[in-house]
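Chemist: Quick one: this structure, given as C-alpha cells, is what I'll be asking you about.
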Amino acid sequence: MKILIMSLLLLTPLMSLFSQSNEELDRFLNQPTADLASAVWLVYLSSGTLPYEATPEEAMDYLMESDNRSRFAGKSGDTPITYREFALIAMDEHDLPGGLMYRIFRSPRYAAKEMTYRRWMPGKPKGGTELTPWDVTTSLSQILSWKEEQ
C-alpha cells in the first residue's frame, strides 16, 4: 500500500502530460526497460519542447536534429536508454544547473553524476545502466518538483 501511495505522489506532477497519450504511456510503463524514443518523448513533453500531441517518433526526429544528434547516431527508438543518455537529455531540455565539470564538458558522464548528486534519479545507478520506465517517470517527477520549488 505504501508503494502505491508513494508512486501516485511521485507521478502526480506528470499526470497532465500523460492525459493526452494514455495508450502510449501504458505501452511504455509495461516494458521491462525504457526505450530511447519513449524516454526522450517524456523528457520533451515535460520540458515543453514538444506539444502534447507529439509522438515518440517525432521526439526521435527532434533528437536527431538537436545538438546531441552525434551521441545518438545509429540508435533506433526501441533501443534501451542508459542512465547517462537520459541524464544528458533531461539536463539539457530542462536547462538544469550543473556542477563545474558538467558546465565545462556537457557530457553524459557528468550529467549522470549531477543527477545522482542532486537526487533527481532514484537510487544511485551506474552511468551505463539501462533504465526502467519507473526510473524515467520518477526522475522526471523529481525534476519537475524541484523546478516548481525554485
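The values are calculated or read from the model by the stated rules, or taken from the named source; none is laboratory data. Nothing here was measured: the structure is a model prediction, and the numbers come from that model. Here the Cβ is made from the backbone with ideal geometry for all residues, glycine too, and neighbour counts use every protein chain on show.
Chemist: Scan segment 29-77 for residues that are closer than 21 Å to G128 by Cα and among the hydroxyl-bearing types (S, T, Y) and jot them down.
Modeler: Answer for segment 29-77, where residues must be closer than 21 Å to G128 by Cα and among the hydroxyl-bearing types (S, T, Y): T33, S38, S70, S76.
Chemist: Here's something else I'd like to know. So the check is Cβ under 6 Å with 6+ separation or different chains; which pairs have a first residue in segment 107-131 that's at positive phi and surrounded by 15 or more Cβ atoms within 10 Å (Cβ to Cβ) and a second one that's at pLDDT below 95 and not acidic (D, E)?
Modeler: none
Chemist: Tell me which of these E53 doesn't satisfy, since it passes every other one: (1) in contact with a helix residue (DSSP H, G or I) (Cβ under 7 Å, 6 or more places away or on another chain); (2) within 19 Å of A37 (Cβ to Cβ).
Modeler: That leaves (1) as the condition not met.
Chemist: Search segment 20-53 for residues being farther than 21 Å from D95 by Cα and among the hydroxyl-bearing types (S, T, Y), and hand back the single one that is surrounded by the fewest Cβ atoms within 10 Å (Cβ to Cβ).
Modeler: T33
Chemist: Same structure, new question: Out of all the residues in segment 59-76, which are surrounded by fewer than 18 Cβ atoms within 10 Å (Cβ to Cβ) and of a type outside the set (D, E, K, R)?
Modeler: Y62, M64, S66, S70, A73, G74, S76, listed by residue number.
Chemist: Is it the case that some residue within segment 79-90 is small (G, A, S), surrounded by 18 or more Cβ atoms within 10 Å (Cβ to Cβ), closer than 23 Å to E24 by Cα and in contact with a helix residue (DSSP H, G or I) (Cβ under 6 Å, 6 or more places away or on another chain)?
Modeler: yes
Chemist: Could you tell me which numbered condition P80 fails, if it satisfies all but one of (1) free of Cβ contacts under 8 Å to residues at least 40 places away in the same chain; (2) touching a strand residue (DSSP E or B) at 6+ places or on another chain (Cβ under 8 Å)?
Modeler: P80 satisfies every listed condition except (1).
Chemist: Please work out if P56 is surrounded by fewer than 15 Cβ atoms within 10 Å (Cβ to Cβ) and not hydrophobic (A, V, I, L, M, F, W, C). Even if it seems obvious, please write down each step before you answer.
Modeler: Numbers: surrounded by fewer than 15 Cβ atoms within 10 Å (Cβ to Cβ): no; not hydrophobic (A, V, I, L, M, F, W, C): yes.
The answer is no for P56.
Chemist: Which of the residues that make up segment 56-71 are at pLDDT 95 or above and of a type outside the set (D, E, K, R)?
Modeler: P56, A59, M60, Y62, L63, M64 - these are the residues of segment 56-71 that are at pLDDT 95 or above and of a type outside the set (D, E, K, R).
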